[in-house]
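Written out below as structure tokens is the structure these notes cover.
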Amino acid sequence: MLTMTASTTQVCAKKNGIANFLLRLLLSVVLAVFPYSAKADSATFSHVGIALSDEGYVLNANVAFDLNPKLVDALTYGVALRFVVELRIEYPRWYWFDKVIARRRLEYRLAYHAITRSYRLSIGGLHRNFDSLDDAVRTIKHIRNLPVASRGKFDDKDTYEATLRFFHDTAQLPRPFQLSVLTNKDWAIDTGRLVWAFSAKTIKQENAGSEQAGAEEDILLDAAAGIE
């Protein structure tokens, strides 16, 4: 019996491996025939700034984007949408590779619950429910108090380069949607990479939550994001 069970397990594993290989092959063929890349202008940053708070340096940013009907339909039918904020700060060096000073990644998960007819926004292990989709998306659009680095991390005499990106992480969609993602730009929300230079000397002390952000949004971000 043990031998038969082991043999059956090996056969199933082999079939799964072949199925995964065939799926990857099909996707690569489709991608070659229908080349597709996300439009970098499907979302834009309307405001970006690094501020100095009592706890350290934080990022504040506003993202402008809209959920098209395809994404709204997918959400309504139970498909969770995941959005990612990626920030990297480097110290440029002409004699060697740039030195990475800080790297942050913030993930949002937006889902619809048909029973309660509400939208749940998750950041890490924290969750918040919204009665309307507009309110949930508005919270995603306003990035507040995202910790970047501790005080003293940046030297006042140096200039640093920040790279920021916001995008819909289509790689985390259910597998049946992957083929559609490769051939349909409607799934894409992507700001592309925004790069700017800053000096710690020019960053003024400011209230990180002062720009059109509710207290609950600040608490949600503060608790979800730590300093690396």
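The values are calculated or read from the model by the stated rules, or taken from the named source; none is laboratory data. It should be emphasised that the depicted structure is a prediction, and the values quoted were computed from it without experimental measurement. Please note: Cβ atoms are built from the backbone with ideal geometry, for glycine as well, and neighbour counts cover all protein chains shown.
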- Single residue of VAL58, VAL72, VAL84 found to be in the same structural domain as ASP135 (by TED's automatic domain parsing) and under 28 Å from GLY152 (Cβ atoms): VAL58
- Note on the structure: Counting only residues that are in contact (Cβ under 8 Å) with a residue 12 or more places away in the chain and either over 23 Å from GLN172 (Cα atoms) or in contact with a Cys (Cβ under 6 Å, 6 or more places away or on another chain) (or both), the range 88-116 contains a total of 9
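Does the range 120-132 contain any residue that is assigned to a helix (DSSP H, G or I), in contact (Cβ under 8 Å) with a residue 60 or more places away in the chain, within 21 Å of VAL58 (Cα to Cα) and within 15 Å of the chain's Cα centre (by Cα)?
To start, the set of residues in the range 120-132 that are assigned to a helix (DSSP H, G or I) comprises none.
Among the residues of the range 120-132, not one is assigned to a helix (DSSP H, G or I), in contact (Cβ under 8 Å) with a residue 60 or more places away in the chain, within 21 Å of VAL58 (Cα to Cα) and within 15 Å of the chain's Cα centre (by Cα), which makes the answer no.
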- Task: Being among the charged types (D, E, K, R) and either in a strand (DSSP E or B) or touching a strand residue (DSSP E or B) at 6+ places or on another chain (Cβ under 7 Å) (or both) narrows it down to one of ARG151, ARG144, ARG138, so name that one.
- Result: ARG144
- Message: If I ask for residues that are touching a residue at least 60 places away in the same chain (Cβ under 8 Å) and either loosely packed, with under 13 Cβ neighbours inside 10 Å or assigned to a helix (DSSP H, G or I) (or both), which ones from the range 154-169 would you list?
- Response: ASP158
